[in-house]
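The values are calculated or read from the model by the stated rules, or taken from the named source; none is laboratory data. Nothing here was measured: the structure is a model prediction, and the numbers come from that model. Cβ placement follows ideal geometry from the backbone for every residue including glycine, while neighbour counts extend to all protein chains displayed. Side chains included, ligands, DNA and RNA excluded: accessible areas come from the protein's heavy atoms. Shrake-Rupley method; radii C 1.70, N 1.55, O 1.52, S 1.80 Å.
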Amino acid sequence: MSGFDDLAGGALEAAIVARTDHAVIVADAEGAIRFWNPAAEAMFGRPRDEVLGRSLDLIVPEKLRRRHWDGYRHVMATGDSEYAGRTLAVPAMRADGTRISVEFTVTLLPGADGEVAGIAAIMRDVTAQWEERRTLNRRLAEAERALADRDG
């Protein structure tokens, strides 16, 4: 008998969400956090009991909030997202104020009335890769300038 037999119904899905190393965050139509898994705690440095019921502003850098909320309200009102099925890359903010780079996908969650009740995001921290890419781009630009200076 497989150990999976013990994970009937939604238990398997719950185990995956609880144990994944990807942050899983669910927010309601107003942008209040309703679900925050252990990986989200680790990524953003905030325990679940501190964030539940609070605004996504906890992780959205201040200078990006207006754009975030404009798009969020549009998606909640219309159910249309140009980002569905795509991986997005944006800066985010940890509890200590440091910025990180995250990639994520979103899933719209329907309510009983068929309207959009909220959104789920599955996120991963790609800060190290982003910084590496930035360093490589800077070194490439320096090498191109050096070649241009030598040939010029």
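Residue pairs whose Cβ atoms lie under 6 Å apart, sitting 6 or more positions apart in sequence or on different chains, and linking a residue in region 24-48 that is over 21 Å from Arg99 (Cα atoms) to a partner that is of a type in the set (Lys, Arg), are Asp28/Arg34. Filtering region 65-83 to residues that are of a type outside the set (Gly, Ala, Ser) and either surrounded by fewer than 13 Cβ atoms within 10 Å (Cβ to Cβ) or outside any helix (DSSP H, G or I) (or both) leaves Arg66, Arg67, Asp70, Thr78, Asp80, Glu82, Tyr83. Note on region 92-143: among residues that are assigned to a strand (DSSP E or B) and of a type in the set (Ser, Thr, Tyr), the one that is nearest to Thr78 (Cα to Cα) is Thr107. Checking each residue in region 111-133 for being on the phi < 0 side of the Ramachandran plot and out of contact with any strand residue (DSSP E or B) (no Cβ under 6 Å at 6 or more places or on another chain) picks out Ala112, Asp113, Glu115, Ala128, Gln129, Glu131, Glu132, Arg133.
Residue-wise test of (1) open to solvent by less than 100 Å² (accessible area, probe 1.4 Å); (2) at pLDDT 75 or above; (3) within 20 Å of Gly85 (Cβ to Cβ).
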{"site": "Gly111", "(1), (2), (3)": "yes, yes, no"}
{"site": "Gly114", "(1), (2), (3)": "yes, yes, no"}
{"site": "Ile122", "(1), (2), (3)": "yes, yes, yes"}
{"site": "Val126", "(1), (2), (3)": "yes, yes, yes"}
{"site": "Glu131", "(1), (2), (3)": "yes, no, no"}
{"site": "Thr135", "(1), (2), (3)": "yes, no, no"}
{"site": "Arg145", "(1), (2), (3)": "no, yes, no"}
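Applying the selection to region 94-109, what residues are open to solvent by 50 Å² or more (accessible area, probe 1.4 Å), touching a Ser or Thr at 6+ places or on another chain (Cβ under 7 Å) and free of Cβ contacts under 8 Å to residues at least 24 places away in the same chain? Selection gives Thr105 alone.
If Arg19 passes every condition in (1) open to solvent by 70 Å² or more (accessible area, probe 1.4 Å); (2) farther than 29 Å from Glu131 by Cα; (3) free of Cβ contacts under 8 Å to residues at least 40 places away in the same chain but one, which one does it miss? All conditions are met except number (2).
Using the structure shown, decide if Glu62 is at pLDDT 95 or above, loosely packed, with under 14 Cβ neighbours inside 10 Å, closer than 27 Å to Arg133 by Cβ and not small (Gly, Ala, Ser). Judged against the criteria, Glu62 is a match. Across region 20-45, which residue is nearest to Thr105 (Cα to Cα) among those that are outside any loop (DSSP other than H, G, I, E, B) and of a type in the set (Gly, Ala, Ser)? Within region 20-45, the match that is nearest to Thr105 (Cα to Cα) is Ala23. Set side by side, the residues Leu52, Leu7, Leu12 differ, and just one is modelled with pLDDT of 95 or more and either over 17 Å from Leu109 (Cα atoms) or surrounded by 15 or more Cβ atoms within 10 Å (Cβ to Cβ) (or both), which is Leu52.
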